[in-house]
């Protein structure tokens, strides 16, 4: 018995749809459901209430015109997202540009690309903690600068500060920006660059009018990777910030530690909504389906 042609795509997509449904749709639905439950100091009570969301937003309304803790925390997370996104975008674009257009042979491109991935052969925790002996008060950076006579006292802002958090984020996630941009650049028809050169276009004109527009899908995909990861990261901010810098991920982690799962679920839902809004706005700039 032959399968109807119109059912073939449905059957082929069924395993993938099953995985998405089991490991994404169901857990997300459970998080949304738990966010409307009630809880006390020792148990979770299945219910349908808006108290968990009211506790987040009502405090903000009462504290106006000042920023409430929840709103200030979300702004802090968004600030780190924007700074890390901007830095990783610049570094990722320049690295991909060098690999794609300045390296002439495919073999050398592969070798240099693998060199970029070497730090990612270890875990995020190891790569993050490796900055501590470098940036500490008596670390290698401060000791070297003092031995050279460039500074009299060690810099306090190198570690357990916003600088160290951003530095760790960029170190951890810059490759997520390099790979999709490099993939987009390798798809650019080199005859377009030759035509632009023959027409008298400068390097800057070629970059802005040809390379960057054709790399937009890769830029958007890399941006989505970086934004979604940084938005929910709490371990990096906690370790590199000395547990002093607020983030939404840390709030959720603390609430889960104290078994306040409905409150943590409510914050998680809001975080997902904010992240999806950012991703939705970015996907409107370009059709990333052409890149996939």
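The values are calculated or read from the model by the stated rules, or taken from the named source; none is laboratory data. Only a predicted model underlies this, so the values are computations on that prediction, with no experimental measurement involved. Neighbour counts run over all protein chains shown; Cβ positions are idealised from the backbone, glycine included.
A few points about this structure:
- Any hit, the stretch 249-261, residues being surrounded by fewer than 19 Cβ atoms within 10 Å (Cβ to Cβ), under 29 Å from residue 157 (Cα atoms) and at pLDDT below 90: yes
- For the stretch 131-152, the set of residues classified as assigned to a loop (DSSP other than H, G, I, E, B) and touching a helix residue (DSSP H, G or I) at 6+ places or on another chain (Cβ under 9 Å) consists of 131, 136, 139, 150, 151, 152, listed by residue number.
- Qualifying residue in the stretch 111-125 (condition: under 23 Å from residue 245 (Cβ atoms), touching a helix residue (DSSP H, G or I) at 6+ places or on another chain (Cβ under 8 Å) and modelled with pLDDT under 90): yes
- Just one residue in the set 187, 137, 216 is on the phi < 0 side of the Ramachandran plot and at pLDDT below 85; that residue is 137.
- Where residue 29 falls short, out of the listed (1) surrounded by 12 or more Cβ atoms within 10 Å (Cβ to Cβ); (2) more than 20 Å from residue 248 (Cβ to Cβ); (3) free of Cβ contacts under 8 Å to residues at least 60 places away in the same chain: (1)
Conditions (1) closer than 15 Å to residue 172 by Cα; (2) touching a strand residue (DSSP E or B) at 6+ places or on another chain (Cβ under 7 Å); (3) surrounded by 12 or more Cβ atoms within 10 Å (Cβ to Cβ), marked per residue:
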position	(1), (2), (3)
101	no, no, yes
104	no, no, no
120	yes, no, yes
123	yes, no, no
131	yes, no, yes
141	no, no, yes
145	no, no, yes
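- Here residue 13 meets each of (1) modelled with pLDDT under 90; (2) surrounded by 11 or more Cβ atoms within 10 Å (Cβ to Cβ); (3) in contact with a helix residue (DSSP H, G or I) (Cβ under 9 Å, 6 or more places away or on another chain); (4) over 30 Å from residue 238 (Cα atoms) with one exception, condition (3).
- Restricting the first member to the stretch 145-172 and to residues that are without any contact (Cβ under 8 Å) to a residue 12 or more places away in the chain and on the phi < 0 side of the Ramachandran plot, and the second to residues that are surrounded by fewer than 15 Cβ atoms within 10 Å (Cβ to Cβ) and assigned to a loop (DSSP other than H, G, I, E, B), the beta-carbon pairs closer than 6 Å and six or more apart or on different chains are 145/151; 163/157.
- Within the stretch 188-208, the set of residues being within 30 Å of the chain's Cα centre (by Cα) and surrounded by 14 or more Cβ atoms within 10 Å (Cβ to Cβ) comprises 188, 206, 207.
- Evaluation of residue 269 against (1) surrounded by 13 or more Cβ atoms within 10 Å (Cβ to Cβ); (2) out of contact with any strand residue (DSSP E or B) (no Cβ under 8 Å at 6 or more places or on another chain); (3) modelled with pLDDT under 90 (one fails), failing number: (3)
- Subset of the stretch 84-123 (residues that are more than 25 Å from the chain's Cα centre (by Cα) and touching a residue at least 24 places away in the same chain (Cβ under 8 Å)): 101
- Unique residue being touching a helix residue (DSSP H, G or I) at 6+ places or on another chain (Cβ under 7 Å), at pLDDT 85 or above and surrounded by 15 or more Cβ atoms within 10 Å (Cβ to Cβ) when the list is 78, 89: 89
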